[in-house]
1. Karplus couplings for the range 37-43 from phi (6.51 cos²θ - 1.76 cosθ + 1.60, θ = phi - 60°), rounded to Hz, Gly and Pro as x?
2. Take every Cα-Cα distance within the range 188-244, group them into 10 Å bins from 0 onward, and report for each bin the whole-number percent of pairs it holds.
3. Just name one of LEU48, SER74, ALA24: the one whose Cα is farthest towards the positive end of the charge dipole of the range 1-106 (beta-carbon charges, Lys/Arg +1, Asp/Glu -1).
4. What are the residues whose amide H is under 5 Å from the amide H of VAL208, where those residues sit 5 or more places off or on another chain and H is modelled from the backbone?
5. Over the range 4-94, what lengths in whole Å, largest first, do the semi-axes of the equivalent ellipsoid take, defined as the square roots of 5 times the eigenvalues of the alpha-carbon gyration tensor?
6. When the accessible area of the range 1-116 is split by element with a 1.4 Å probe, what percent falls to carbon and sulfur?
Amino acid sequence: MEKLGLNLGYLIVQILNFGIVFIALYEWIYKPLLGMLEKRRKSIAQGLEDARIAAEARANAEQEAAKIMAEAQSKAAATVREATERAQVAAKEVRAAAEAETAKAREAAMAEMEAERNRILSEVRGQVAALSIAAAQKLIGEALDEKRQRALLEEFFSGVRSGKVVVLQGSELEGSAAEVTSALPLTDAEQATVKKELVSVLGGSPAVEFRVDPAILGGLVVRAGDRLVDGSVAGQLQNLRQSLH
């Protein structure tokens, strides 16, 4: 060792000093530093884990909130839709009821007007008969058989002669219902005669409806099914007018 220039005692002392310094550094500096770094690493890792958990919790919360919001919006939309549908149904029912009530009132008013018109025309029928007889007597200057004249006028307006409905004689009608139009309202007896004749023509128990239309002037117009028999004075005048052309 001396040949190499080394002092064994000094070398041993240096090795011991280095060992002591190493142990002192390891125990008092390196080891605490490693502990601090490990603690810091764990703290950072824990922070990252906590951040990840918090992020997941936040994402889950946001998803849950979005789900709750979507469900709430869906329920609100459904509620609004149901309320709208109920309101529409209620509005339709109210409108239908109002329209039905209006139609009912209109029908009642029309029926009342029809009844009043027929009443007035019935009164006019008697007045027309009296005026016609008086005018005929004045024209020829002598008294006529008033009973005969009245019978002719009744036949003119009702289309009934000797208990027979003139327009139905020889006619071919079919159907389960008939509509009879006269210029002035028929009396109960005349309506009964017309119904009896229609039963014999149509057979069975046909439903007969009576209408009044002063425009036909006199006689009767009978409609059954798709067939029409026109025995009105207006119809006869129209036929005459066409034949003259």
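1. 5, 5, 5, 5, 4, 5, 5
2. Here the calculated profile for the range 188-244 is 20, 47, 26, 7, 0.
3. Value computed over the given set: SER74.
4. ALA178
5. Each semi-axis is √(5λ); the values are 83, 8, 4 Å.
6. That fraction is 65 percent.
The values are calculated or read from the model by the stated rules, or taken from the named source; none is laboratory data. Values in this document were obtained by computation on a predicted structure and should not be read as measured data. Quick reminder, even Gly has a Cβ in these numbers, built from the backbone with ideal geometry, and neighbours come from all protein chains shown. For the accessible areas, the whole protein counts, side chains as well, though only heavy atoms, and no ligand, DNA or RNA atoms are used. Shrake-Rupley method; radii C 1.70, N 1.55, O 1.52, S 1.80 Å.
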